[in-house]
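Below you'll find the structure, written out as structure tokens, and then a few comments.
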Amino acid sequence: MKYASQQVAKPYFIFALILFAGQILFGLVMGTQYIIGDFLSGYIPFNVARMVHTNLLIIWLLFGFMGASYYLVPEEAGTELHSPLLARITFWVFAVAAVATILGYLLVPYAKLAEITYNDLLPTMGREFLEQPTITKIGIVIVCLSFVYNIGMTILKGRKTVVNMVLVTGLIGLTVFFLFSFYNPSNLVLDKYFWWWVVHLWVEGVWELILGAILAFVLIKVTGVDREVIEKWLYVIVALALISGLIGMGHHYFWIGPGEYWLWLGSIFSALEPVPFFMMVLFAFKMVKKRRHEHKNEVATLWALGTAVMAFLGAGVWGFLHTLAPVNYYTHGSQLTAAHGHLAFFGAYAMIVMTIISYAMPIMRGRPQGNSSSAQRLERFAFWTMCLSMIGITLALTVAGAAQIAFQRLPESGEALSFMATQEKLIPFYWIRLFMGFVFLAGLLTYFASFFVGKTDKLSHA
Amino acid sequence: MLNYKNIFSSWLFMLTLTLISATFAESSDPSKMAILFICIVTIIKGNLLIDNLMALRHSLHRIRWMMLAYFYILLPIIMLTIIFPETTRQLTTL
Amino acid sequence: MSNILSPPISDLRVHKPEQQTGSTETKTIGSTAVWILIYAELTEFALFFIVFLIAKAHNPELFSAGPGTLNTTAGMLNTLILITSSFFVAKAVSAIKLGQREASIKWLWLTLLAGVTYCGIKGWEYYWNEAAGFDVSTNLFYSLYYYLTFNHLLHVLMGMCTLLWVTLRAYFNAYSAADHEGLESAALYWHMIDMVWIIIFPLLYIL
């Protein structure tokens, strides 16, 4: 670690992982409810569990991105963080707001929560992923602004590397697009039109910048390849990601009100979206092959390669499966969508956060060349368990989705099964999904355990 | 390694095999023997492509087997499901 | 490092027989990333094939009548053309391995020409279907036929863009007998497209 202020990343990473565990637990609750409808329904109804599952995901990723930025920006800029104190304060503000919001979801009926938080003054609640009370949303904006300010000032005062610039562009985009969560027109078409601008322009646009920047940073560190080479790749990837993603996002505009030309724009541009993800795979493997030194933190390299591959599979391949308008006509909002959502979010964004944690945490804990080999072995096992079980979840949901489409969507009216009758038939696949979910939990617990083992072993100093 | 003679003869052989299997397209319900024959022809074509045109015969053994497995596993599945539609139907009814 | 990349990746290094080089010089065919891509794509198509087979088993009359209504000539011509294009691209790779850049570029252009011909025939086939009154929504057989073949067509277009890129790179002297990983990777991807079609052709048009 080059600068003392990089240390502020640590609480962000730790808290992100705690929220991650929460997300998985609520996922398991829902996975069970898919099969046993009234499981815990008196305490955690399905809609609440889903809200907690998705909100925790987004919040822990934000914590992860913030931690990553606080860690890598000072090192890239070659200067201390502008204000470590502000970073610590925003951590606590954000953590308290996140916990309070989640508790609000769990303890108070949603309508009551809206009432207590004066949602009627500026109604923004009640939409998927944007369920947070308005006051939490304002809190998120304040946290993001102070975070971007802190990062921005650090970059302004120091070296302006490509990694830094791409990262901060992504972070500004993240903040700006979040503002659309406050726009809540009564026209449902308009509402939906801009609703997609928040989470989906994140994941298909600006977050890819953040992903690219973090991946590039870790690759520079673990491979020692010239910065110029990595930057050249980063430029191409980012350009392709934005060109394909910003308009490709139009694949959400099929048949929901916006003009028919979106069928073409959305299909063509989103069919190109796998390209930048594949470039990332090419890039990661090429850099590791050209590595100039053997970094002892081998598992961080594994995470970096894994992120590229899994992001390509989840976002690229599984997205492409159902992105063309004539296909999407039948697959829209089926279990196939859930399959894609799981693998893409895990492969691209959950894994990039774990990549930077895997690289940065050992350094912040005084192990510049990575954890002891026993800890790395455990982490590697956790990596494979989580990746393979997530692929298992994805395949189970893909088959369920295909069956759902065959029963419910393709047949002419009259022959088609009802929604619930279809779900009844999909239960075998939901069992497989739930089993894979538990395997994932085992992987996650192993991952957590890897932080605590091998302390007494001889550290693998270079 | 790429071998000039192998590339050329594989190409000719694959063209011939394609023409032969295309003659079966005339009958709307191919016999079991015809199905077996077409699947074997397809496997041979896959083999030629992988070994000679992709030049994997003497290299990258694991990758080569993963590629060959695609044909060795998928084609028998195709053959069996087509020859035994009744069983397939039973197995895939939810 | 090798142990974390175990085992599929470390296997990509081919150990040349010792008597040839006298050392354990390692060599790779294509980039690791392209093998991941190829296997991901093959898996994707395998899933489509399985869907097709299940649908076929559940709708026997529809699916045994289906192939007869398709334009077999177009399907067969496209098979011949794709196999030929694979031959061309294999020649391009073998030429660059011998350091014959001009010849390699010539073979790449021929591959691209075959790709264009493929697209032309596919266009004619779709046009022919339309004239005969068949489209995506005719029945389940046609829906799956269009899903599979159109998806394959998109892969062909993608493969052609990649080939065009490596052709231009070859033109600007980017590849040599010693270093031609990019060209080789593009060629492997193109072979994968051919592989998939080798299965699509009997599955859709004959059986």
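The values are calculated or read from the model by the stated rules, or taken from the named source; none is laboratory data. Only a predicted model underlies this, so the values are computations on that prediction, with no experimental measurement involved. When we count neighbours, we look across all protein chains shown, and the Cβ atoms used for this are built from the backbone with ideal geometry, even at glycine. The area values use the complete protein model at the heavy-atom level, side chains included, leaving out ligands, DNA and RNA. Shrake-Rupley method; radii C 1.70, N 1.55, O 1.52, S 1.80 Å.
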- Inter-part gap, Cα centre of segment C:170-189 to Cα centre of segment B:58-94, in whole angstrom, is 33
- Pop out the carbon and sulfur fraction of the accessible area of the protein assembly as shown as a percent, whole number, probe 1.4 Å. 69
- From the Cα centre of segment A:158-185 to that of segment A:285-337, the distance in Å is 23
- Note on the structure: The correct ranking of A:Ser270, A:Ser41, A:Ser413 by accessible area at 1.4 Å, largest first, is A:Ser413, A:Ser41, A:Ser270
- Say each of A:Ala100 and A:Arg365 gets a label point 7 Å from the Cα, pointing the same way as Cα to Cβ; how far apart are those two points in nm? 3.2
- segment A:1-160 - accessible surface per residue (Å², probe 1.4 Å): 42
- Can you give the convex hull volume per residue for the Cα atoms of the protein assembly as shown, as a whole number of Å³? 167
- Note on the structure: Ordering C:133-142, A:8-17 by per-residue average of other C-beta atoms within 10 angstrom, highest first, gives A:8-17, C:133-142
- Message: So if I take the centroid of the Cα atoms in segment C:50-114 and the same for segment A:13-35, what is the distance between those two points in Å?
- Response: 46
- Rounded to the angstrom and largest first, Cα extents along the principal axes for segment B:4-91 equal 45, 30, 12
- Using alpha-carbon coordinates, inclination of helix C:60-69 to the longest axis of chain C, degrees: 70
- Within chain A, what's the longest stretch lacking GluC sites (Glu not before Pro) that sit in DSSP loops with no more than 15 other Cβ atoms inside 10 Å? A:129-259
- Item | For the pair B and C, total buried accessible area rounded to nearest 100 Å², probe 1.4 Å | 4300
- So how much accessible surface do C and A hide from each other in total, probe 1.4 Å, in square angstrom to the nearest 100? 2200
- Note on the structure: Per the helix-only model, the protein assembly as shown has a calculated mean residue ellipticity at 222 nm (DSSP H runs of ≥4, -39500 (n - 2.57) each, divided over all residues, rounded to the nearest 500) of -23500 deg cm²/dmol
- Message: Inside 10 Å of the C-beta atoms of A:276-284, what's the mean count of C-beta atoms belonging to other chains?
- Response: 3
- Task: Let me know the mean shielding of A:120-132 by other chains, meaning the per-residue number of their Cβ atoms within 10 Å of its Cβ.
- Result: 0
- With contacts defined as alpha carbon pairs under 8 Å and 6 or more residues apart, what's the relative contact order of segment A:1-160 in percent? 31
